[in-house]
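Visitor: First the structure, then my questions, so here it is.
The values are calculated or read from the model by the stated rules, or taken from the named source; none is laboratory data. Quick caveat, the model's predicted, so the values are computed rather than measured. Cβ atoms come from the backbone with ideal geometry, glycine included; neighbour counts cover every protein chain shown. Note: accessible area is taken over every heavy atom of the protein model, side chains too, but ligands, DNA and RNA are not part of it. Shrake-Rupley method; radii C 1.70, N 1.55, O 1.52, S 1.80 Å.
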Amino acid sequence: MLFLLLNYSPNNISRMNKVCSPYFDPDFDSLPERIYGPACRVNIDNESSQDSTVVKIDSVNKQGLLLEVVQALTDMNLTISKGYISCDAGWFMDVFHVKDERGNKITDQRVINYIQQDIGSNGITSPKAKALTNLESQANEPKAIEMTGKDRPGLFSEISAVLADLGCNIIEAHAWSHNAHLACVVYISDKSTDTPIDDHRLHAIEDHLTTVLRATSSAATEEHANQQEVKPAGLPKGQLCTTTKVERRLHQLMVSVRDFDVPVQHKRSPTSAADSDEEDRKASISIESCIEKGYSIVTIQCKDRRRLMFDTVCTLTDMQYVIFHASIDSYGGYAYQEYFIRHADGCALNTESEKDKVIKCLEAAIERRVCEGVRLELCAYNRVGLLSDITRVLRENGLAVLRADVATRGEKSVNAFYVRDISGNNVDLDFIKSMKREMGEIDLSVMEETTNYRPTSTERPKFSIGEMLKSQIERFSHSFVAIK
């Protein structure tokens, strides 16, 4: 017989009470990575291509990962000139040819390291760690509000003036105008203390801005009234978002007011050389079905520009389509994109109405960022009411703001506006420079947007996954018939 003697002395009891919390292995979170290898491998190659840096990415696939990678590259101001994407069978294998802002290879080792760290860490940081980071910074960050409504000349100036009158300091602002609709995201803080604005005051500001958006010259229809909306921005809280996250939200806001759905009677027929140029600038988009593989093939041909791939991938992702394969190419100022997609439920695009909506949404996404007119870049010491004063001068001189990007860099406010003449006439560049006297102490530079590039028959042929797939299917069919 075994006798167990227990010593219930006070010292032993206190010792037992101290050992009461469970133990967690600090290496447990990294166990899958140590077993299966890194979740994402990023390789930077400067040898394979003569004029661009090749970024190769291998990773376990997840919904929206392609958009995250494209966002990361775009936020670094890199231009994607070519790409091959395969996201099938649970694995993500992409190759991107990228260039810096000057069109050169990426040779700065700091930038290369940042690409590897930023993309390589995509999805590795735990949601708990991200939530803790957001909570720590949320108390000190400015409040973000978003606005949608019918656009009219001078509306952005009126919004800026109302915020200044209400004692708001505009930290950052982004606004797009397309097909007579406006979408805007603004970060604001209190002008006196430069601290976040409390929720009660924020509701009052939203009410004032809603009144401005609905103050049209004629009575707005019920449909238009529903499109006038001001609310807290649908962006991650507790931080100033990256540019692409704000731009993705602007795309979503434009879709919410159906800027892509332009009535036929509002479309102009080309009656002049300018109208013909506008027709030439439109993207050529088609959708075909690949019944054998269950894909819908979306083909896009348009004038090339920066952030083009981000706009198209963002649109397809937010419409709940999954991109399984894609090829991207650009040559001579023209872009060619091909996407193999299915809906998130696994189905291809079966109806003509569904195809028509995807085409319209992609056309709108491409057009929103294209602003024919004059780009103004202004820099000045930041102060409350600065944006209101600048936009007031533009409005009083007959210029409408088509797009605006406003940011604060230390003590300076950096502003970029795309403007056009309200009457439709060409903008006089010398006249714009003369307005500098009305704006006060400010640095101003003026750039006129270049005209559209028209493709010629001498262009290099583009690589098409669709054509390759069709040829393989045809060869298989001929072989089957021959055997039979």
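Visitor: If I stretch the segment between Ala215 and Thr107 completely, what's the gain in nm (0.36 nm per residue apart, minus their alpha carbon distance), one decimal?
Guide: Full-extension gain reported as 33.6 nm.
Visitor: Could I ask something else about it? Lys and Arg at +1, Asp and Glu at -1: add these up for the other residues within a Cβ distance under 13 Å of Val111 and post the number. It would help to have the intermediate numbers written out before the result.
Guide: Working: positive: Lys99, Arg102, Lys105, Arg110; negative: Asp75, Asp100, Glu101, Asp108, Asp118.
Neighbourhood net charge equals -1.
Visitor: What order, most packed first, do the peptides 105-114, 317-326 have when packing is the mean number of other Cβ atoms within 10 Å of each residue?
Guide: My ranking of the peptides, most packed first, is 317-326, 105-114.
Visitor: Leaving ligands and nucleic acids out of the surface, order Ser330, Ser445 by accessible area at 1.4 Å, largest first.
Guide: Numbers: Ser330 25, Ser445 45 Å².
Largest accessible area first, the list is Ser445, Ser330.
Visitor: For segment 281-436, what is the charge dipole size about the Cα centre, in debye to the nearest 20, if Lys and Arg each add +1 at the Cβ and Asp and Glu each add -1 at the Cβ?
Guide: 580
Visitor: Starting at the first residue of segment 388-400, write each ³J(HN,Hα) from the Karplus equation 6.51 cos²θ - 1.76 cosθ + 1.60 with θ = phi - 60°, in whole Hz, x for Gly and Pro.
Guide: Couplings: 4, 5, 5, 5, 5, 4, 4, 5, 5, 9, x, 10, 9 Hz.
Visitor: With a 1.4 Å probe and every protein chain kept in, tell me what percent of the accessible surface of segment 31-123 is carbon plus sulfur.
Guide: In segment 31-123, the share of accessible area belonging to carbon and sulfur is 47 percent.
Visitor: Contact order normalised by length for segment 281-371, with contacts defined as Cα pairs under 8 Å and 6 or more residues apart; what percent is it?
Guide: Relative contact order of segment 281-371: 32 percent.
Visitor: Where Lys and Arg each count +1 and Asp and Glu each count -1, what net charge lies around Thr195 among other residues with Cβ under 15 Å from its Cβ?
Guide: Charge balance near Thr195 sits at -2.
Visitor: Still on this structure, I have one more. Order Val384, Val246, Val162 by their accessible area, 1.4 angstrom probe, all chains in place, largest first.
Guide: Val384, Val162, Val246
Visitor: Just the number please: accessible area per residue for segment 31-123, 1.4 Å probe, all protein chains included, in Å².
Guide: Numbers: 4850 Å² over 93 residues.
I get 52 Å² per residue for this part.
Visitor: A further question on this structure: Which of the peptides 342-352, 72-82 is most tightly packed, and how do the rest follow, judged by the mean count of other Cβ atoms within 10 Å per residue?
Guide: Highest to lowest by the protection proxy: 72-82, 342-352.
Visitor: Per residue of segment 43-51, in order, report the coupling 6.51 cos²θ - 1.76 cosθ + 1.60 (Karplus, θ = phi - 60°) as ³J(HN,Hα) in whole Hz, putting x for Gly and Pro.
Guide: Ordered by residue, 3J(HN,Hα) equals 10, 9, 10, 9, 9, 5, 10, 6, 10 Hz.
Visitor: Pull out the extension gain between Met76 and Lys412, defined as 0.36 nm times the separation in residues minus the alpha carbon to alpha carbon distance; nm, one decimal.
Guide: Length difference between fully extended and current span is 118.8 nm.
Visitor: Which order do the peptides 285-293, 153-161 take when ranked by the mean count of other beta-carbon atoms within 10 Å per residue, highest first?
Guide: 153-161, 285-293
Visitor: Can you list residues from other chains, or at least 5 along the same chain, whose modelled amide H is less than 5 Å from the amide H of Asn382?
Guide: Under 5 Å from the amide H of Asn382: Lys412, Ser413.
Visitor: Here is a further query. If you average the C-alpha positions of segment 350-423 and of segment 75-104 separately, how far apart do those two centres end up, in angstrom?
Guide: Centre-to-centre distance over Cα atoms comes out at 27 Å.
Visitor: So for the pair Gln301, Cys379, with labels modelled 7 Å out along Cα→Cβ, what separation do we get in nm?
Guide: In this crude spin-label approximation the distance works out to 4.1 nm.
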